[in-house]
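The values are calculated or read from the model by the stated rules, or taken from the named source; none is laboratory data. Treat the numbers as computed from the prediction; the structure is a model and nothing was measured. Heads up, the Cβs are rebuilt from the backbone with ideal geometry, glycines too, and the neighbour counts pull from every protein chain shown.
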Amino acid sequence: MNVDEIRQLVKIVEDSDIADLEVTRWGRKVKITKYPSGSPSSSNHLGAPVYMREPIYQHTIPAPPPPLAPLPAAPVQEAPAPVIEKPNYVEIKSPMVGTFYRSPAPDAEPYVSEGSTVAKGQVLCIIEAMKLMNEIEADFACKIVEVFVQNAQPVEYNQLLFRVLKT
């Protein structure tokens, strides 16, 4: 059934005393019901009164969604103890974006660890950037106080790598 045929059926129902019309054609069903206007009731085919009311339109606010189950609490990590800044503490930061490596090979010992004494020009770590391995060397003799980055972790430009004590 197409739209024009449905319009014709609606027009027939409007212009006649028919209250309901149901048509089934090619497996599709169309039901047209005419509600009397201005009259609260009409009669059915048996002559009994049928009371009809106009549809009630009501604006409803959707119910709020159920509360989500709480996520498991993340493990609480203690904030690092505040380091008392001394004039000879120095922070060594990443000179580039890349991947931080503490050793020359996965099975090798790290270049430095916390507590290591470092000579000027000694390699501290490697930062891989665009498939190039860049050795980061100490500009001065120092002792490693803290290492801030884990092995094979990506680093950003100017990200803190080490805190050292100048010797």
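Summary table below
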quantity: Pair list, Cβ < 7 Å and 6+ apart or interchain, from the stretch 27-39 residues that are closer than 16 Å to Val3 by Cα to residues that are part of a loop (DSSP other than H, G, I, E, B) and at pLDDT below 75; calculated: Arg28/Met1; Val30/Met1
quantity: The stretch 157-167, residues that are part of a loop (DSSP other than H, G, I, E, B) and surrounded by 13 or more Cβ atoms within 10 Å (Cβ to Cβ); calculated: Gln159
